[in-house]
Amino acid sequence: MSENSEVIENKYKDIIEQIANNLGLDVPRLSNGSLQMCCPFHKESNPSFGINMTTGEYHCFTCGAKGHISKFSNNLMVHIVAETIEDIDNFKVSTKVDTTKNYTVKPNKSETASIQNRLKSMENIMKFKICDLITLIIRGHTVCASGNNRNDDWEMAQLWMLDFDNKDSNYTMEDVLDYAKSINLIPTFAYYSFSNTKKVPKFRFVYCFKEPITSKKRMQAIVDNLLKLFEDYSVDKSRRNLSSLFFGTNFDNDVFTSNYIYSIRFTDEQLDKLDSIIGTTTKTSNASKKYEEMAQDIIDKYHIKRTHDNLLYYYDKFTGVHIKDDNRQIERFIKKEYHLLKRAREEVKEFIELTDNIDFVECSPEFVACKNVILNMKTLETQPFNPTIVITNKVNAEYIPFNPSMKNDFVDNFMTDVTCRKQRIRTTYL
Ligand SMILES: [Zn+2]
């Protein structure tokens, strides 16, 4: 074997090991001049996926997946990223549910122990239609995603739940769903948990996967990946034990369902990392279309407008006025919305700055934002704050309509003086 092929050999070996580590796959083993591992494109327990260390070609003898390692992350992404499952009514997810007992309030410690025992004695993992699973959850039944509540005999999981129950968090379910949408990771369904209150929202995102995940290591990587993606939204990061129990909820609580089931997909950042390892780029025209949509979401959410000076203005919901973006606030909005997607942030920023899709609006000089309402100076009519009216001026006082019964002698005398006792002038400017 020449020295050159040995270098290439090592190069591919390193690349494969890094990819495997990043994605929580088994690390490949060297056998007969090629690297062997369990196929990441299909479910198997004996490795039939080989990578030729001289050419960099990979091939699975069981499912037929093949290609060059430089396209590996792209191909794997296309495979894993869910096409929408159209036949959601017939899609079934394998998991364990304590179907014998339901609760109307959060189970206490001894009840939790009974739930655990019942799940432990349950022999088979069952398959549930999504709608049936939702029904069981809103009737207060407990789910154990891993199929067994003892971590040491973990079998598989086809769903995972993220807990948002931080009492210091200000995020609502809608906030987190918006974020989930921005990273294309909409949960299959989401529900408010037992301890939810109007003041402190507590809820759970349920992710169903296309296939049961049978590798414990891979499942843990998926769970940790999910937790990391939502860490800025006060997800309960301590919930990473694969044998976690997830309680159901009260029938009165709302359940959010998406029309589609999304399986796990990797973040742009992870893909960038993979790209940098194998030296390819996943950028496509499809991606730039995605950035346009992401930019439009920012424009809509923050009511970004241009006015006469052709500069960008954003709506400040606290003061009710549009503020000129000379302090890079829009950049901070983008960062807040897409904080994990570095490349996307730059594309979105550029799109917002260059686009003519942003409404050009005249500032309406007759409107003044007071502390409490918007006042039309011409008609003296008031209306609540409204981001569609572009106002850039604010009066830092409350507007209180004139009321004859609130006559004040001091003000009255003052007005009489300054208008030189001319009634016509006084009433005009009152
Ligand atoms: Zn395969």
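Below, the figures for the structure above:
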quantity: Alpha carbon convex hull of segment 88-264, volume per residue in cubic angstrom; calculated: 109 Å³
quantity: Reciprocal mean inverse distance between Cα atoms of segment 27-69 - Kirkwood radius, Å; calculated: 10.1 Å
quantity: 25 Å Cα-Cα reach of LYS422 towards lysines, excluding residues that sit fewer than 8 places from it in its own chain; calculated: LYS378, LYS407
quantity: Over 23 Å (Cα to Cα) - which of LYS96/LYS198; LYS96/LYS210; LYS43/LYS71 fall in this group; calculated: LYS96/LYS198
quantity: DSSP-defined antiparallel bridges as percent of all bridges, segment 287-398, nearest 5; calculated: 85 percent
quantity: Lysines whose Cα lies under 19 Å from that of LYS109, excluding same-chain neighbours fewer than 8 positions away; calculated: LYS101, LYS120
quantity: Over 21 Å between alpha carbons, listed pairs LYS167/LYS199; LYS106/LYS167; LYS202/LYS237; calculated: none
quantity: Contour excess over end-to-end distance, with Cα ends at LYS43 and ASP132 and 0.36 nm allotted per residue; calculated: 29.4 nm
quantity: Share of carbon and sulfur in the accessible heavy-atom surface of segment 170-227 [1.4 Å probe, %]; calculated: 52 percent
quantity: Kirkwood-type radius of segment 149-236, with distances r between different C-alpha atoms, in Å; calculated: 13.8 Å
quantity: Set of lysines near LYS324 by C-alpha distance (under 20 Å), chain-local residues within fewer than 8 positions excluded; calculated: LYS301, LYS305, LYS335, LYS336, LYS349, LYS371, LYS394
quantity: Label point at THR54 placed 7 Å out along Cα→Cβ; residues across segment 27-47 whose backbone nitrogen lies under 15 Å; calculated: 31-35
quantity: Alpha carbon centroid spacing (whole Å) that separates segment 302-316 from segment 367-398; calculated: 17 Å
quantity: Sites ASP224 and ASN310 - FRET efficiency at Förster radius 51 Å, r taken between beta-carbons, to 0.05; calculated: 0.65
quantity: Pair HIS68, ASN166: separation of 7 Å Cα→Cβ label points (nm); calculated: 4.5 nm
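The values are calculated or read from the model by the stated rules, or taken from the named source; none is laboratory data. Values in this document were obtained by computation on a predicted structure and should not be read as measured data. Ideal geometry is used to build each Cβ from the backbone, glycine not excepted, and the neighbour counts take in all protein chains shown. With ligands, DNA and RNA removed, areas are computed over all heavy atoms of the protein, side chains included. Shrake-Rupley method; radii C 1.70, N 1.55, O 1.52, S 1.80 Å.
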